[in-house]
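Beneath this line is the structure, given in structure tokens, with notes to follow.
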Amino acid sequence: MSIMKQIVSNKTLDTSIVAWFAAQFLKVLFVLVKDKKFDFSRFVGSGGMPSSHSSFVVALSVSVGKICGFESSEFAIAVVFAFIVMYDAAGVRRAAGKQARVLNKIVKEMQDTGKIPEEKLKELIGHTPVEVLGGALVGLIVAIVM
């Protein structure tokens, strides 16, 4: 079997990608319901509910557990990786988003006074713990179903 066929037929990879896709689709749907507008950028952007990062790594972990066994070293590695990604999404990246929000306010004030126009920083780069949990649940559901 060719390398490309092996990659395409990798159940663990397929499950993870479907979970990511499901989370990104839900982001678009939630914005559509909440704001009554279709925002395609939510499909490719980071941040928001649910966390596609969490969905991706939880689906990966569950899929590895189902295939290799929940007592396997591979499962343990996937779970540790998932915790690191989810911690980063809810901690470091969320803090960076808060800093971007403050900097954008400073830049706006400078623009309003005629000093140093700058482009805005991206504020929606991290997740709240609820968004991380939501993404983890999407990943878990996709991995169980697939």
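Here, each number is a calculation from the coordinates, and none is a lab measurement. Bear in mind the structure is a predicted one, so any value in this text is a computation, not a measurement. With ideal geometry, Cβ positions are generated from the backbone for all residues, glycine too; neighbour counts draw on all protein chains shown.
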Margin query: On alpha carbon coordinates alone, what is the Rg over Rh value for the chain, Rh being the Kirkwood radius?
Written below: 1.10
Item checked: Point-to-point label distance, Met146-Phe81, nm (Cα→Cβ direction, 7 Å offset) -> 1.4 nm
Check: About its Cα centre, how strong a charge dipole does the range 74-113 have in debye, to the nearest 20, once Lys and Arg get +1 and Asp and Glu get -1 at the Cβ?
Finding: 200 debye
Check: Per residue of the chain, what 222 nm ellipticity follows from adding -39500 (n - 2.57) for every DSSP H run with n ≥ 4, rounded to the nearest 500?
Finding: -24500 deg cm²/dmol
Next item on the list: Whole Å is fine, so just give me how far the alpha carbon centre of the range 1-80 lies from that of the range 81-101.
Entry: 18 Å
Item checked: Extended-chain gain in nm, criterion 0.36 nm per residue less alpha-carbon gap, Asn10 and Phe70 -> 19.8 nm
Checklist line | Computed magnitude of the charge dipole of the chain (debye, nearest 20; Cβ of K, R +1, Cβ of D, E -1) | finding: 360 debye
Check: Taking the Cα centre of the range 48-114 as origin and charging only Cβ (+1 Lys, Arg; -1 Asp, Glu), how large is the dipole, in debye to the nearest 20?
Finding: 280 debye
Next item on the list: Give the total of Lys-Lys pairs in the chain with Cα-Cα distances below 16 Å; include a pair only if its members are 8 or more places apart or on different chains.
Entry: 11
Notebook entry, point to check: Once you put a point 7 Å from the Cα of Leu32 and another 7 Å from the Cα of Ser2, both along the Cβ direction, what distance in nm separates them?
Noted result: 3.6 nm
